[in-house]
1. Taking PHE119 as meeting all but one of (1) in contact (Cβ under 8 Å) with a residue 60 or more places away in the chain; (2) under 23 Å from ALA162 (Cβ atoms), write down the number of the exception.
2. For segment 119-138: of the residues being of a type outside the set (Asp, Glu) and in a helix (DSSP H, G or I), which is nearest to the ligand (Cβ to nearest atom)?
3. Only residues in segment 125-149 that are of a type in the set (Asp, Glu) count as the first member; pair them with residues that are surrounded by fewer than 12 Cβ atoms within 10 Å (Cβ to Cβ), Cβ under 6 angstrom, at least 6 apart or cross-chain, and list the lot.
4. Tally up the residues in segment 168-195 that are within 14 Å of the ligand (Cβ to nearest atom), within 24 Å of LEU157 (Cβ to Cβ), in contact (Cβ under 8 Å) with a residue 12 or more places away in the chain and part of a loop (DSSP other than H, G, I, E, B), please.
5. Among the listed residues SER275, SER218, SER253, which satisfies the condition of being surrounded by fewer than 19 Cβ atoms within 10 Å (Cβ to Cβ) and hydroxyl-bearing (Ser, Thr, Tyr)?
6. In this structure, is ARG159 within 14 Å of the ligand (Cβ to nearest atom), surrounded by 14 or more Cβ atoms within 10 Å (Cβ to Cβ) and at pLDDT 95 or above?
Amino acid sequence: MNDDSLFGDLPEQIAPVSILQAGVDPVWTEHKAKLIARYLRYFVFITKHGCYVDGFAGPKNKGVSESWAAELVINSNPKFLKQFFLCDEKAGQVQELEALVASQTPDRKRYFDVRQGDFNTTVDEILASDVITDKTATFCLLDQYSCECHWETVRKLARHKAEKANKIEQFYFLATGWLGRALSQFKPENSVPDEWWGNEDWRSLKGLSGDLIAVRMSERFRDELGYRFVHPWPIYQRDRGQGRVMFHMIHASDHPEASKLMRRAYRHVLDVPESDEQLILELAESQTS
Ligand SMILES: C[S@@+](CC[C@H](N)C(=O)[O-])C[C@H]1O[C@@H](n2cnc3c(N)ncnc32)[C@H](O)[C@@H]1O
């Protein structure tokens, strides 16, 4: 049965504000990559080092300037991020990633690893490579189209480090704007939704608004994976919060500063970047306040 009725038009619902973000200027789809790069610039000012894992890294909008997360992150200054794992299953996308790496000025301190394949498999190779130790501050972008990233993959990333270490941070794309439609189009024998959600409970999302699905997924990152700080960030269809929410980016971290930094990045995504000196001062102030 192809059950279109299971996820028909989703009702508008008001989600609890304790998890959803209130009072911040909205970011729209065009600026998602800038949000990621801006956040990571803040992140490295705290960590002074880091590893960037991008599971679905090929460019979505080739040729659209400043729209490719991997490119903005790799080219961001200062170059504190030292290890990069860039993965995509499509050969053409891998070529784009290889060209991006080849365009970098050689730097022996930076390590680039481009891998072709299903990230749900390559994740095992990356975690087994010993590059990410308990002390390596690591950010993993999971920028899927809709349901490509298995819950098991998210879980493996969360479990990689020892219990007392800060877990690998995750920034997870949740297609709340079209999830209902996407899920209703899978045939019952198709295993994709079960692998995406981790079990059959995705069926209980029926009738929930996008906001509530984002809250539900955020709760899973917190309750099932044990992340201390989890927030879904709504990304709008058009500028300045116009149009509907197209998707949410769920940010899960154990670092007490992470949510503050993401809030700051979300707010300032279009502003001229702060100078290094200004940032050092402002971040030190916000850590003590
Ligand atoms: C939404 S795009 C990524 C956009 C990119 N982050 C950007 O900033 O432009 C998703 C990418 O994931 C790739 N992809 C889809 N399924 C995949 C899988 N199972 N494993 C790895 N890559 C996959 C696609 O080829 C595509 O390049």
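The values are calculated or read from the model by the stated rules, or taken from the named source; none is laboratory data. It should be emphasised that the depicted structure is a prediction, and the values quoted were computed from it without experimental measurement. In this analysis, Cβ positions are derived from the backbone assuming ideal geometry, glycine residues included, and neighbour counts consider all displayed protein chains.
1. Looking at each condition in turn, PHE119 falls short on (2).
2. PHE119
3. Sorted first by the residue in segment 125-149, then by its partner, the pairs are ASP134/ALA162.
4. So the answer is 1.
5. Among SER275, SER218, SER253, only SER275 is surrounded by fewer than 19 Cβ atoms within 10 Å (Cβ to Cβ) and hydroxyl-bearing (Ser, Thr, Tyr).
6. No.
Residues are listed down the side, and each one gets a yes or a no for (1) of a type in the set (Val, Ile, Thr); (2) exposed (fewer than 14 other Cβ atoms within 10 Å of the Cβ); (3) touching a strand residue (DSSP E or B) at 6+ places or on another chain (Cβ under 8 Å); (4) more than 18 Å from LYS34 (Cβ to Cβ):
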{"residue": "ASP201", "(1), (2), (3), (4)": "no, yes, no, yes"}
{"residue": "PHE247", "(1), (2), (3), (4)": "no, no, yes, no"}
{"residue": "VAL269", "(1), (2), (3), (4)": "yes, no, yes, no"}
{"residue": "SER286", "(1), (2), (3), (4)": "no, yes, no, yes"}
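Matching residues to (1) among the aliphatic types (A, V, I, L, M); (2) closer than 22 Å to ALA162 by Cα; (3) surrounded by 21 or more Cβ atoms within 10 Å (Cβ to Cβ):
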site: ASP54; (1), (2), (3): no, yes, yes
site: TRP68; (1), (2), (3): no, no, yes
site: LEU72; (1), (2), (3): yes, no, no
site: ASN75; (1), (2), (3): no, no, no
site: PHE84; (1), (2), (3): no, yes, yes
site: ALA91; (1), (2), (3): yes, no, no
site: VAL101; (1), (2), (3): yes, no, no
site: ILE126; (1), (2), (3): yes, yes, yes
site: LYS135; (1), (2), (3): no, yes, no
